[in-house]
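See below for the structure under consideration.
The values are calculated or read from the model by the stated rules, or taken from the named source; none is laboratory data. Keep in mind it's a predicted model, so treat the numbers as computed, not measured. Cβ placement follows ideal geometry from the backbone for every residue including glycine, while neighbour counts extend to all protein chains displayed. Accessible surface is based on the protein model in full, side chains and every heavy atom, while ligands, DNA and RNA are left aside. Shrake-Rupley method; radii C 1.70, N 1.55, O 1.52, S 1.80 Å.
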2 protein chains.
Amino acid sequence: MSGPRVTIREVARAAGVSQAAVSKVLNDGYGVSAAMREKVMRAVTELGYRPNAAARAMRGRSHTIGVVADIRTPIVAQITEGIEEGLQGSSLDILLAPVGKAPERQRSSIDAMLNRNLEGLILIVPSLPRPELEALGQSIPTVLIGRHGGGRHFDSVMDDDVAGAGLAVEHLVGLGHQRISHIAMPMGKFRRPSVLPQTAREDGYVIAMRDHDLEPDVITTDYTEEGGHTGAMTALRRKKPATAVFAGTDMVALGVLRAAHELGLRVPEDLSVVGADNIPVSALPQIALTTIDPAGKLNGSTSTRLLRERIDGRRNPVTHAITPSLVVRGTTAPPRE
Amino acid sequence: MSGPRVTIREVARAAGVSQAAVSKVLNDGYGVSAAMREKVMRAVTELGYRPNAAARAMRGRSHTIGVVADIRTPIVAQITEGIEEGLQGSSLDILLAPVGKAPERQRSSIDAMLNRNLEGLILIVPSLPRPELEALGQSIPTVLIGRHGGGRHFDSVMDDDVAGAGLAVEHLVGLGHQRISHIAMPMGKFRRPSVLPQTAREDGYVIAMRDHDLEPDVITTDYTEEGGHTGAMTALRRKKPATAVFAGTDMVALGVLRAAHELGLRVPEDLSVVGADNIPVSALPQIALTTIDPAGKLNGSTSTRLLRERIDGRRNPVTHAITPSLVVRGTTAPPRE
DNA sequence: CCCAGTTCGTAAAACGATTTCTGAGCTTTA
DNA sequence: TAAAGCTCAGAAATCGTTTTACGAACTGGG
């Protein structure tokens, strides 16, 4: 099954035609007769020919798209699945550059992909400044996932996190809750990074609360389990403690659950908790967290669709928002009183 | 920052030398004077030249290694980190092909990487039959992670799961436990797939129990949360129920914890539980699972080292076993009686 | 001063595909 | 029937780099 690779030249010889003919049959195929196509195809399958992607990439198309993502984030796996699904029947391969959160690392990975003449790039929640992304979009078809705000030279796919937060609040209000706290992330000193999902969730929470004439109560901590714990401690030690908490992330929600446990509060009887992201842990029976599902697969397949449009020549930017859904599990119930 | 890419030809012109000279400076550099190196380097940085990887891949080296892995597995992230670490200072890039468990999918991803003339491949727990892996190893430097057994044409890096299981049993015995059950995975009808970590863990458990003159008690179910639940129900409803359970996987251990909870058993007072894999969930304060840590990062960096040796010409196969460590958290304690 | 042996550098040939250009053979049209 | 138009196929140029082969200039020893 190994041995020296079979090249287009050998296929051509076997079929008794020229290299150009073989190439034309395999690609667009302008000006090839049925007889020739048949001959070539037989030789191709017989020899088990697979075109050398490196050679392809140099001239013409590389038949490959690149995905840049932090694979430590659980949702990346689902998004990737969606991306692959969207690639069905397109002869496009997918290559992933693993990165961390460091912009420097992301930059070098993107560079590496550019060096390979990929046909397009999908960036999952990149932490690069917008001007850089715009420049990138000008040099290669680019789609961003999970970054709010849109741009002029790339497409964007994201969850409508404002609506998602609304769903959470609706659900809790519908159960009869009035004092609903939200645990959010600090925004940094200088400017509000409005491109982040966190910000949108906070906004959505505030808007939905106001819609119901309820007083928003935003508690700012880290987006970690520990942050959720300290945030919840704040919310639950007030003289009129919250009866429900909407955490900005499932991880935060886990910290909230721990805090509740430590304070002797039962969930959901004494306290309702809603998270966001629907990470795998949340589905475990022991956790059974009510949460907002970000539809990772749909994000992936949608971004593939947009990317293919862009590869096919579209220039104008498209922004696609996906409406998340609420997954009701065991951490929400009507309040006691 | 975009515009047409700058090629080696332009660098050569700017430096007033030939293309070959530039190439030699950038690579091995045989027969280049200090003066020439200096000239070329200046032109390179000045023009911001970055060699086109596609062109490189066609002739000579591609400066890239490929990783084939199922990114849904949490440990892959850590392994990848280790791989990157091992790549420091080597001018090698890393590209990841995301796959599922399906052999068909893995095959096509490997093909895709072969088409790109990569310098080497790292396969994380591939589910491909051995002959195929041997053939692969003959056509490209290959290292396998997490697959027991070794081979003739590739290197293997794995955890010493036998030793790991031994650690778990030692720990429990040291605490005073005698009735320790193990929840394992079914082996399939026809032959024992001895290449899997699960099998090694089961073997290690049996050996360690015998060493202490204790009767092994292996319960076979699925390697899932649900499997752990049903397995634990079996182990805990005996007339002389187990006082400790060694689960083959953290996910299984979570199911055990749930079963314990449902039966009104407190952990660790009434039941000790040890898992294996140290997935992120296990570290959460509410779970605090005692488990065996597979040293993912070390697996990664070791495999990179071996791969580089192979790329540099080594032919004989190397198998490297990593001794895992026990992470003691809150689910283990001395038995009641 | 000549010759062999180094050094340093370049021209040109790969690598394996795609694409452009050209021409051979037919068919249609005037 | 000659000119024009089409269709199909191949020869050759091209992509950007590495590598090979070779020549020029310099060195040092006799």
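Tabulated results
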| quantity | calculated |
| --- | --- |
| Test: A:ALA69 is closer than 27 Å to A:MET158 by Cβ and either away from chain B (no Cβ under 14 Å) or among the hydrophobic types (A, V, I, L, M, F, W, C) (or both) | yes |
| Neighbours by Cβ (under 7 Å, 6+ apart or cross-chain): first from the stretch A:125-144, without any contact (Cβ under 8 Å) to a residue 60 or more places away in the chain and hydroxyl-bearing (Ser, Thr, Tyr); second surrounded by fewer than 16 Cβ atoms within 10 Å (Cβ to Cβ) and assigned to a loop (DSSP other than H, G, I, E, B) | A:SER127/A:LYS101; A:SER139/B:SER2 |
| Pair list, Cβ < 6 Å and 6+ apart or interchain, from the stretch A:9-24 residues that are within 14 Å of A:ARG50 (Cα to Cα) to residues that are more than 7 Å from DNA strand D (Cβ to nearest atom) and not in a helix (DSSP H, G or I) | A:VAL11/A:TYR49 |
| Candidates B:VAL173, B:VAL195, filtered to the one that is in contact (Cβ under 8 Å) with a residue 24 or more places away in the chain, β-branched (Val, Ile, Thr) and farther than 30 Å from B:SER303 by Cα | B:VAL173 |
| Some residue of the stretch B:9-16 being more than 10 Å from DNA strand C (Cβ to nearest atom), within 36 Å of the chain's Cα centre (by Cα) and open to solvent by less than 80 Å² (accessible area, probe 1.4 Å) | no |
| Criterion: in the same structural domain as B:PHE154 (by TED's automatic domain parsing) and without any contact (Cβ under 8 Å) to a residue 60 or more places away in the chain - qualifying residue of B:LEU114, B:LEU47 | B:LEU114 |
| Subset of the stretch B:9-45 (residues that are within 12 Å of DNA strand D (Cβ to nearest atom), part of a loop (DSSP other than H, G, I, E, B), in contact with a Lys or Arg (Cβ under 9 Å, 6 or more places away or on another chain) and of a type outside the set (A, V, I, L, M, F, W, C)) | B:ASN27, B:GLY29, B:TYR30, B:GLY31 |
| Unmet criterion (only one of (1) part of a helix (DSSP H, G or I); (2) modelled with pLDDT of 90 or more) for B:VAL6 | (1) |
| Single residue of the stretch A:74-98 satisfying the filter (facing chain B (nearest Cβ under 9 Å) and more than 30 Å from A:LYS24 (Cα to Cα)) that is most open to solvent (accessible area, probe 1.4 Å) | A:GLU81 |
| Residue under evaluation A:GLU202, criteria (1) charged (D, E, K, R); (2) crowded, with 23+ Cβ neighbours inside 10 Å; (3) not assigned by TED's automatic domain parsing to the domain that holds A:GLY231, criterion not met | (3) |
| Residue selected from the stretch B:51-76 under the condition free of Cβ contacts under 8 Å to residues at least 40 places away in the same chain and more than 16 Å from DNA strand C (Cβ to nearest atom), by the criterion farthest from B:VAL143 (Cα to Cα) | B:ARG72 |
| Enumeration of residues in the stretch A:316-337 that are in a loop (DSSP other than H, G, I, E, B) and among the hydrophobic types (A, V, I, L, M, F, W, C) | A:VAL318, A:VAL328, A:ALA333 |
| From the options A:THR304, A:THR249, A:THR291, A:THR243, residue that is in the same structural domain as A:ASN117 (by TED's automatic domain parsing), crowded, with 17+ Cβ neighbours inside 10 Å and at negative phi | A:THR304 |
| B:ILE124 vs. criteria modelled with pLDDT of 95 or more, in contact with a Gly (Cβ under 8 Å, 6 or more places away or on another chain), facing chain A (nearest Cβ under 9 Å) and at negative phi | no |
| Qualifying strands (runs of 3 or more DSSP E) (wholly inside the stretch A:239-315; at least 2 residues being among the aliphatic types (A, V, I, L, M) and within 24 Å of A:HIS177 (Cα to Cα)) | A:244-247, A:272-276 |
| Test: residue in the stretch A:159-179 that is assigned to a strand (DSSP E or B) and either hydroxyl-bearing (Ser, Thr, Tyr) or buried (at least 16 other Cβ atoms within 10 Å of the Cβ) (or both) | yes |
| Some residue of the stretch A:81-99 being within 11 Å of DNA strand C (Cβ to nearest atom), closer than 28 Å to A:PRO141 by Cβ, outside any loop (DSSP other than H, G, I, E, B) and of a type outside the set (Phe, Trp, Tyr) | no |
| Test result for A:ASP211, modelled with pLDDT of 95 or more, surrounded by fewer than 18 Cβ atoms within 10 Å (Cβ to Cβ) and within 25 Å of B:GLN286 (Cβ to Cβ) | no |
| Looking only at the stretch A:268-282, and only at residues there that are open to solvent by less than 60 Å² (accessible area, probe 1.4 Å) and within 11 Å of another protein chain (Cβ to nearest Cβ), the one that is nearest to the chain's Cα centre (by Cα) | A:ILE279 |
| Residue list for the stretch A:315-326, restricted to those being closer than 17 Å to A:GLN138 by Cβ and surrounded by 14 or more Cβ atoms within 10 Å (Cβ to Cβ) | A:PRO317, A:VAL318 |
| Candidates A:GLY60, A:GLY48 - the one that is within 16 Å of DNA strand D (Cβ to nearest atom), loosely packed, with under 14 Cβ neighbours inside 10 Å, more than 10 Å from chain B (Cβ to nearest Cβ) and not charged (D, E, K, R) | A:GLY60 |
| Check on A:GLY29, out of contact with any strand residue (DSSP E or B) (no Cβ under 7 Å at 6 or more places or on another chain), more than 16 Å from DNA strand C (Cβ to nearest atom), more than 12 Å from chain B (Cβ to nearest Cβ) and open to solvent by less than 30 Å² (accessible area, probe 1.4 Å) | no |
